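Visitor: One structure coming up, written as structure tokens, with questions to follow.
No value in this document is a laboratory result; all are computed from the given coordinates. Predicted model only: the values in this text are computed from it and were never measured. Please note: Cβ atoms are built from the backbone with ideal geometry, for glycine as well, and neighbour counts cover all protein chains shown.
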Amino acid sequence: MRGVLITILLWAAWQMPALAEPSFARMYKSQFGYVPSCNACHKDGGGTPLNAYGDQFKDAGMKQTSFAKIAGLDADADGAANEAEARAKANPGARSSTPDNPGPWLDTSNLIPKEVQALFPGVRSYLPKDAILTASEISRAKAMGVHLAAEDENTIYIPVKDKKAAGTAVIVPAVHEGKQFFLVVATDKSLTVTDVVPFNTQHVPAAEDAALYKPLTGQNAGQLPAPKGDGSLADTIRASVKKAATLITVRLKKD
């Protein structure tokens, strides 16, 4: 069975177009011709607060037409307009990146969140793949007891070692008592959850708190307990991990 899942995972990985942060990245690529790193909109990669360019894009409506609305602005105050930087493959959200010196913001080390890289030491190659959900996949998730919707689109990061998929990882948001935080949920190549790591947050305990995270590892999406709906932090984490594992499963494991 493990070999079958590995084959499915690799087949799915190579069949899907590479994207990062699907919605924004698709629009950015359509506008400027290439996929940006998360640092275009975030201060320190996905899951961190928005930078000035991210704020401008958000204030402009977060639509394809929003790029034109903020084209002449200079979000990072480096003397170059947003559009001029984007066209030159410089980061419009970072003052250290200019049309004359774009810097390494599009390198793999920046395209793949460092929290994901930390879970796969020694891996230098990744396939960031979209998880833009189809009606069929949403239906399959429902049959697994998980509600997924189009707005749950995400990026599945697939580490590749020796030309083979080494697992998967996805970053998912969660909200507890009105405060948002993020979790990295990683699996092995059989799609069994191996790690649950919170990051960029002071609202929840660190990964060392085994009581919250350890019970959710060693299981695949179908084995993970359903959330109780009791409003506890443990239940919030349980619901987010199950949703993440289900998203990975329905996107990568074909019927």
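Visitor: Tell me the volume per residue, in Å³, of the convex hull enclosing the alpha carbons of segment 123-255.
Guide: Cα convex hull per residue, to the nearest whole number: 112 Å³.
Visitor: Rounding to the nearest 20 debye, state how big the charge dipole of the chain is about its Cα centre with +1 on each Lys and Arg Cβ and -1 on each Asp and Glu Cβ.
Guide: Details: 28 positive and 26 negative charges, 200 e Å.
Once rounded to the nearest 20, the dipole reads 960 debye.
Visitor: Right, something else. With runs of 4+ DSSP H residues as the only contributors, calculate the mean residue ellipticity of the chain at 222 nm using -39,500 (n - 2.57) per run, divided by the residue total and rounded to the nearest 500.
Guide: Helix contribution divided over all residues of the chain: -9000 deg cm²/dmol.
Visitor: Among bridges DSSP assigns within the chain, what percent are antiparallel (round to 5)?
Guide: Taking every DSSP beta bridge with both residues in the chain, the antiparallel ones total about 95 percent.
Visitor: Amide H neighbours of N154 under 5 Å, counting only residues 5+ apart in sequence or on other chains, H built in-plane at 1.01 Å?
Guide: Under 5 Å from the amide H of N154 lie the amide H atoms of A131, I132, each far enough along the sequence or on another chain.
Visitor: From the phi of every residue in segment 81-97, what ³J(HN,Hα) in whole Hz does the Karplus formula 6.51 cos²θ - 1.76 cosθ + 1.60 yield, where θ is phi - 60° and glycine or proline is x?
Guide: 5, 3, 5, 4, 5, 4, 5, 8, 6, 9, 7, x, x, 9, 5, 6, 10
Visitor: Residues of segment 186-207 with amide nitrogen under 13 Å from the 7 Å Cα-to-Cβ point of D44?
Guide: Output list for this probe position: 199-202.
Visitor: Moving to a separate point now. Could you let me know the centre-to-centre spacing of segment 185-247 and segment 77-126, using Cα atoms, in angstrom?
Guide: 29
Visitor: Quick one: which of 27-35, 88-96 comes out on top by average Cβ neighbours within 10 Å, and what's the full order, highest first?
Guide: 88-96, 27-35
Visitor: May I pose another question? If you consider only alpha-carbon coordinates, what radius of gyration and Dmax does the chain have, in Å?
Guide: For the chain, the Cα radius of gyration and maximum Cα-Cα distance read 18.5, 57 Å.
Visitor: Under a point spin-label approximation (7 Å from Cα along Cα-to-Cβ), what is the R124-D235 distance to one decimal in nm?
Guide: 4.8
Visitor: Here's another thing I want to ask about it. Once you keep just the Cα pairs under 8 angstrom separated by 6 or more residues, what percentage relative contact order results for the chain?
Guide: 17
Visitor: Further question on the same structure: Suppose the chain between K228 and R95 were pulled fully straight at 0.36 nm per residue; how much longer would it get relative to their current alpha carbon spacing?
Guide: Contour length minus the Cα-Cα distance gives 43.3 nm.
Visitor: Any idea which of A165, G79, A210 is furthest toward the positive side of the dipole for the chain, if Lys and Arg beta-carbons carry +1 and Asp and Glu beta-carbons -1?
Guide: A165
Visitor: While we're on this one: Nearest 20 debye, what's the magnitude of the dipole of segment 95-206 about its Cα centre given +1 on Lys and Arg Cβ and -1 on Asp and Glu Cβ? Don't skip to the answer; put the middle values down first.
Guide: Working: 11 positive and 12 negative charges, 65 e Å.
Here segment 95-206 has a charge dipole of around 320 debye.
Visitor: Continuing with this model, one more query. Find the Cα radius of gyration of segment 38-105, compare it with 2.2 N^0.38 Å by division, and give the number to two decimals.
Guide: Here the Cα radius of gyration is 0.99 times the empirical estimate.
Visitor: Using +1 at the Cβ of each Lys and Arg and -1 at the Cβ of each Asp and Glu in the chain, identify which of V197, A244, T98 lies farthest towards the dipole's positive end.
Guide: Toward the positive end, the furthest listed residue is A244.
Visitor: Output the 0 to 90 degree angle, nearest 10, between the alpha-carbon long axis of helix 2-15 and the longest principal axis computed from the alpha carbons of the chain.
Guide: 20
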